[in-house]
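Each value in this text was obtained by applying a stated rule to the coordinates, not by laboratory testing. These numbers were taken from a predicted model, which means no experiment stands behind them. We place every Cβ from the backbone using ideal geometry, glycine too, and count neighbours over all the protein chains shown.
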Amino acid sequence: METKNVLVIGGGIAGMTTAFELAEAGLNVHLVEKSGFLGGHAIQYTCKATAECLQCGACSVEKMLKNVIESGNITIHLSTEVETIERSGGYALTLKKSAAYIDPAKCTNCGVCYEKYKGTGIIAQGYSKNNFPLYAICPEKLNNDAAALKSVCPEGAISISDAPSFCQISVDAVIIASGFAPFDARRKGTYGYSRFPNVVNGLDLERIKRQYGYLARPSDGQPAKKIAFIQCVGSRDEQLGNLWCSQVCCPYALRTAASVKHKNPDLDLTVFYMDIQNTGKSFPVFYETCKDNIRFIRSIPVDIFPIENDCLNIRLFDESEGTPAMESFDLVVLSTGIMPNPDNQKLSEQMAASLDTDGFFKHADGLDRTATAAEGVFIAGTAQGPKTIAASMVQAGQAASGVLKYLGVTK
Amino acid sequence: MTTKQQNQVEKIHLETTVAVIGGGYTGMAAAKTLAQNGYPVILARQENDGAWHDTSLTGLDGLKTLENQVADNGPIDILSQSTLIEAVGVPGDFTLTFMSEDRRVEKKAGAVVVATDLSSSPLTFIYGLTPCASVVSLSELESLLASETGQKEIGDKKKTIAFLVGFAHEGNPLLMQRVLESVRKIVEMDGCTAYVYVNNLKVAEDGLERLYKQGRDNGAIYFKLQTAPTVIQNNGDLRITFYDPVIRNNIELSPDIVVVEESLVADQQNISLAEILRIDLGPAGFLQKENVHRLPVNTNREGIFVVGGGREIQGLSKSLADVDNMLLQVRQLIGGGEKTVAAKAVVDREKCTICLTCYRCCPHAAIYWDDKAVISPAACQGCGICASECPMDAIQLTDFTDTEMTSRIREAAAAETKAAAPKIIAFCCQNSAFEAGTAAGLFHYDLPAGLQIIKIPCAGKVDINYILNALVEGADGVIVMACHTGNCKSESGNTYAKWRINDAYRKLEQIGIPKNRLEFATLASNMASDFARIVIDMEKRISQK
C-alpha cells in the first residue's frame, strides 16, 4: 500500500503523541507548530516529585518530545501555520513559515544569539534539551535589528526575510491538536495580576522555579515563606460564562504544594478552593497527606491588595466560620484555567470542523471524542476540552487509531 | 561463548491470537476491535460481566447488540463462566489456563488484554441508614426515574428528594455525573425539589459544570458541607440536619426520599489476576501502577495490557479510548505474527547454575527457564537488574557489557581535568539523570570541571563493583542517579540501586573511605538545574575534606 500522509496541527503533548503513534504505524507525518518550539504548554512544567513521583506527567512530555525528534517519519515544521486548505480527495495545504527563523540545518545550539540578546526577548530559549534548535526568534519582538541579528550567528543559521515563505503539501487526514490558551488573569481585576508583582499564575511559578530553584518572590527574589494558591481562576466562573472545570488546576496546585513543602517543610501553604478535584487512583491517600501539610480553605477570595514589603492581603468570606476574613501572604499563585485557543475559530473555518459553545472543538460522536463532523479531520488534546497530560496522551492515541481506521490501515 | 557472539538479531514468530479477560462493554469492544483487525480472539467471560456499566451515555448499543456483533465478528472464541487460573510464557507465546464451565481449558495467546469492570455497591450503611422505600441508592433512583411508574410516583406526588454525596468516600466525576443527571431530571418535574448535600463536587469531566448549573437554574439546592449532615431515619420519616455557620443555626429538612451515594471500585478478581499474570497491582486494586511509563494501557509486562475499568475509574468513552490505544500497542507488538528482535540481555549458559535469582528479580517477568535461565527478547526491557543481581555473573546486557562498563569507568577516572578539580563519576540512568545531565551541559549550568557522566540503562544496572572500581581507579566522588520512587521504568531499578549503595557504604566504612565520596540521588529527565546543584554540592563537599 502507498504510504499515507497526515498533518498534525500543534506540537504540544497531544500533537506530538498523535504524530509519534502514526509515525510508528508507518505513516508520513507533517507536524506543524506555530511557535519556534515543540512541547506546547506541557513542556514548560517542572517535575513535582516529593520523595516520590507524583505522576504530574511532565517527564512524559520530555520523553515524547525525544521520541518525535528521533522518529524518522515525522517532518517537523516549526514557526509554521496552515495558510490554506482545500479538499481534493485528501487535503491540499499551503503552509506558511515565519519570515524569521533559525535554520536547524545550520544551527549548532551554541547559544551566542541568546546570550547576545538576553533580556530583549528577541531570542527565546526552549524548555527542553530536545528542542532543536534550542533557540527561536520571536518575530513580534523584532524591530529594526534584523541585519544585526543575522550577523550575530557564527553559523549563518539565522534566516530573516521580508516575507514569510510558503510550501505546499498533500495529506490524507488532518489532526487538530491546537491546545489551549491559559486564562488571562488580568480579567479577574480584583486579584491584581500584572499590577502586583507577587501575584503570579502557574506558568509564572514554573519559570520562577526554573530560574531560582526555589519559590522566589518576583518583587525581590527572596524566598516566599507564606504562599496562597487560589483555585478556579477563570474556570467554573458564571460571570465570565466559563462553565467548565479546567481539570488540571487542582492536581497542579496539590502536587506543587506537596512538592515545595517536601523540599522546604517551613513553608506555610494555603489552598483556597471551591471543590477539590481528584489527581488519580491514589487521590484519597494523597489528599489526606496534603491535608496534614497544607491548609485548605473552602472559599474563593474576593480580592487582593498590596500591603508593606510587597506582601498581599487576601480578603474572603470564610464559609466555615460564616464571617469575612483577611490574611496576608508573601506570594499568591493563581490557578488559571484552560481556555480555548483563540486560533480555534480560524482552524474551525479552515477545516470545516465546528466548535462547541465554549469554543473548544466539538466531537461528532458521543463516545469517540476525537471524531469531528468533517471527513478525515480528527481532534486531540485540549483543543477538544480541558485535559491533563495523561488524558491528552490517551486521547492522542485514540485520534491516531481513528486516523488509521479512516485511512483503511486498520478496520 | 562471548556475549558478542550471542548478540544476534533473531526472527521470532508471535501467536496472533489475543486473549481478552472480561466480557463487559470494554472487554467486548476490545474483542470486536481485535477480531475486525484480523487477530483471533479468546474472550473469557464471567456470568456477571457487564453487571455494572456506565449508564451516563444514552443512545448506547445495548450489551446484547454488542454481544451479537462480537459473535458476528468471526474468530472470537468465547469462554463463558471462565476464570484464569494459570498463565505462563512470554509475549507472542503465552499459555493461559482457564476454568471454564468447570472444565480446564488451555489456550495459546500472543497478548493478553485485561478488561475487568468496575463494581459498585450502595454505601447506605456508612450513613447508618436502612434501605427502604424512602432510603434508596443512586442506582435505585435511576431505575425509578427511568420507569414510567417511578416517574409517576415521584412526579405526581411532587416529592422532595435529598442526595448524600461525597461523605462516605471522595467520589469521582463518573458518580457525580449520575447525581447531576438525576437531579436535573427531578427538578424538571413540576413541583419536585432536589437538595444535594455534597462534599467536593467532582466536576473534572466534560460537561459537568454546565449540568450542575442547569440543575441549580431549575431550582436544585446544593449544600456544600465538609462533614456529613445528621440523618435520622424513623420508620419512613426522614430528618436531615446540619449547622449553617452563615446563619448560625441548624438547617433541618424532611425529604420524602434520601438518595445515598454508591461506591465505585476495582473488580475484586484483579488481585488474583495480578498474581497469576505477574503484573503489578496498582493503588485501590487497579491493574496498573501510577507509573507514567505505563501510560496509557501498558503494564510492567510486555504483551499484557489493561483497559477501561481495569486500570482506572473511568466511563465508557474513556474506556473505548483505551481500546483504541490497545490496538496500536498490539499491532506494534504482534504485527502480522513475525518480528525481528535483538536480544538486550543474554545468559551465559555455561555459567548459569539456574539459581533463578534473575527470574525472581526481573520486573518485567521476561525470564523463564529450560535447563538454564532464558531471557525472552520480546519481553526484555534491557534494564540490567538481573545482570547485576546474578551471583554467577552469567548475564550480560548487549549494549552495556561489564567489560565495556569497566573500561568506560577506567576512561572516566583517567580523563584529564584541571589540576585541583575533584574527579566525580556520575552513573546516570538513561531515562532520567542522563537526560538531565546532558541538558545541564546544554543549558550552560555550572558543572564540576572533573565531572564524568556514565550512561547506564537503569540505576538497577549499577553493580557494587562499578562503584568500588570507580573509586579504586581514582574517582574522588561517585554519585549514582536514579529515577524518583514510582517513576522507574523497570519499577524497582531505583530500589536495587539504593540497596547496593547502602551495601557499598558498609564496605567503604570497612576499608576506611569517607562516606561522603559516594552519594545516591533521584532525578527526573527534566531536572537539569537540580542535576547541576547535586553534582556541584558534591564537589564542594569533597573539596572540603
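Close amide H partners of B:F163, meaning residues 5 or more places away or on another chain with modelled amide H under 5 Å apart, are B:Y195, B:V196, B:Y197, B:V259. Backbone geometry of segment A:168-180 corresponds, through the Karplus equation with coefficients 6.51, -1.76 and 1.60 at θ = phi - 60°, to 3J(HN,Hα) couplings of 9, 9, 10, 9, 9, 7, 10, 10, 8, 9, 7, x, 10 Hz, x marking Gly and Pro. Counting Cβ atoms of other protein chains within 10 Å of each Cβ in A:59-65 and taking the mean gives 6.
Calculate the mean, over all residues of peptide B:245-252, of how many other protein chain Cβ atoms lie within 10 angstrom of the residue's Cβ.
Partner Cβ neighbours, averaged per residue: 2.
The fewest-to-most ranking of B:R349, A:R236 by surrounding Cβ atoms within 10 Å reads B:R349, A:R236.
Counting each DSSP H run of 4 or more residues in the protein assembly as shown as -39500 (n - 2.57), what helix-only mean residue ellipticity at 222 nm follows after dividing by all residues, to the nearest 500 deg cm²/dmol?
Values: 25 runs with 274 residues, N = 956.
Using -39500 (n - 2.57) per qualifying helix, the result is -8500 deg cm²/dmol.
Sequentially through segment A:375-388, phi angles give Karplus couplings (6.51, -1.76, 1.60; θ = phi - 60°) of 5, x, 10, 10, 10, 8, x, 6, 4, 8, x, x, 7, 7 Hz, Gly and Pro residues having no value and appearing as x.
Just how large is the dipole of segment A:184-337 about the Cα centre, in debye to the nearest 20, putting +1 at every Lys and Arg Cβ and -1 at every Asp and Glu Cβ? Don't skip to the end; give the middle numbers.
On the way: 19 positive and 19 negative charges, 110 e Å.
Here segment A:184-337 has a charge dipole of around 520 debye.
Cβ-Cβ distance of B:R239 and B:M99, R₀ of 45 Å, FRET efficiency by 1/(1 + (r/R0)^6): the value works out to about 0.35. DSSP finds beta bridges in chain A, and of those with both partners inside it, around 55 percent are antiparallel. Exposure proxy ranking for A:I307, A:I276, B:I456, based on other Cβ atoms within 10 angstrom of each Cβ and starting from the fewest, stands as A:I307, A:I276, B:I456.
Decide, for segment A:101-210, between rounded, prolate and oblate: order the square roots of the alpha carbon gyration tensor eigenvalues as a ≥ b ≥ c, take rounded if a/c falls under 1.5, and otherwise choose prolate if a/b is larger than b/c, else oblate. Oblate, because a/c is 1.5 or more while a/b does not exceed b/c. Listed by chain and number, the lysines whose C-alpha is less than 21 Å from the C-alpha of A:K411, apart from same-chain residues fewer than 8 away, are A:K4, B:K32, B:K318.
Identify the GluC sites (Glu not before Pro) of segment B:280-378 meeting these criteria: DSSP loop state and at most 11 other C-beta atoms within 10 Å of the C-beta. Passing both the DSSP loop test and the Cβ count: B:E350. Computed from backbone phi with θ = phi - 60° and the Karplus coefficients 6.51, -1.76 and 1.60, the 3J(HN,Hα) list for segment B:349-360 is 5, 6, 7, 5, 10, 6, 6, 6, 4, 4, 4, 6 Hz; x is used for glycine and proline. Amide H contacts of B:L79: B:L43, B:A44, B:R45, each under 5 Å away and 5 or more positions distant or on a separate chain (H built 1.01 Å from N in the peptide plane; Pro and chain starts excluded). Taking only pairs that are 8 or more places apart or on different chains, how many Lys pairs in segment B:121-263 have Cα atoms under 17 angstrom apart? Number of lysine pairs found: 8. Of all beta bridges DSSP finds with both residues in the protein assembly as shown, what is the antiparallel percent, to the nearest 5? Roughly 50 percent of the beta bridges in the protein assembly as shown run antiparallel, per DSSP.
Taking a ≥ b ≥ c as the square roots of the Cα gyration tensor eigenvalues, with a/c under 1.5 meaning rounded and otherwise prolate when a/b beats b/c, else oblate, which class fits chain B? Judged from the Cα gyration tensor, chain B comes out oblate (a/c at least 1.5, b/c at or above a/b). Taken about its Cα centre, chain B carries a charge dipole of roughly 1480 debye when the Cβ of each Lys and Arg holds +1 and the Cβ of each Asp and Glu holds -1.
Would you work out if segment B:124-233 is rounded, prolate or oblate? Take a ≥ b ≥ c from the square roots of the eigenvalues of the alpha-carbon gyration tensor; rounded if a/c is under 1.5, else prolate when a/b is larger than b/c, oblate otherwise. Don't skip to the end; give the middle numbers.
On the way: a/c = 1.60, a/b = 1.09, b/c = 1.46.
Oblate is the answer for segment B:124-233, as a/c is 1.5 or above yet b/c matches or exceeds a/b.
Counting, for every residue in B:197-203, the Cβ atoms of other protein chains within 10 Å of its Cβ and taking the mean gives 5.
With both labels modelled 7 Å from their Cα along Cα-to-Cβ, the B:K224 to A:D266 distance reads 3.5 nm. Packing, as the average of other Cβ atoms within 10 Å across residues, places the peptides B:160-173, B:136-149, B:416-429, B:391-404 in the order B:160-173, B:416-429, B:391-404, B:136-149, highest first.
Note on B:C361 and B:S139: with the Förster distance fixed at 56 Å, the Cβ-Cβ geometry gives a FRET efficiency of about 0.80. For chain B, the relative contact order works out to 13 percent when only alpha carbon pairs closer than 8 Å and six or more residues apart are counted. Among B:E519, B:E47, sorting on how many other beta-carbon atoms sit within 10 Å of each Cβ, with the fewest leading, yields B:E47, B:E519.
Based on the Cβ-Cβ distance of B:D371 and B:E275, what FRET efficiency does E = 1/(1 + (r/R0)^6) give at R0 = 30 Å, to the nearest 0.05? Provide the component values of the computation, followed by the final result.
Numbers: r = 27 Å, r/R0 = 0.89.
Once the sixth-power term is evaluated, E becomes 0.65.
Helix B:208-217 axis versus longest C-alpha principal axis of chain B: approximately 20°, rounded to the nearest ten.
Highest mobility in the GNM of chain A, judged by mean-square fluctuation with C-alpha springs under 10 Å and restricted to A:G381, A:G192, A:G337, is found for A:G192.
When each of the peptides A:267-273, B:376-382 is scored by how many other beta carbons lie within 10 Å of its residues on average, the order from highest to lowest is B:376-382, A:267-273. All other residues with a Cβ under 10 Å from the Cβ of A:A399 taken together, and with Lys, Arg as +1 and Asp, Glu as -1, what is their net charge? Local charge sum for A:A399: -2. Amide H contacts of A:A49: A:L54, each under 5 Å away and 5 or more positions distant or on a separate chain (H built 1.01 Å from N in the peptide plane; Pro and chain starts excluded). According to the calculation over all Cα-Cα pairs in segment A:184-337, the P(r) per 5 Å bin from zero is 2, 9, 20, 23, 23, 15, 7, 2, 0 %.
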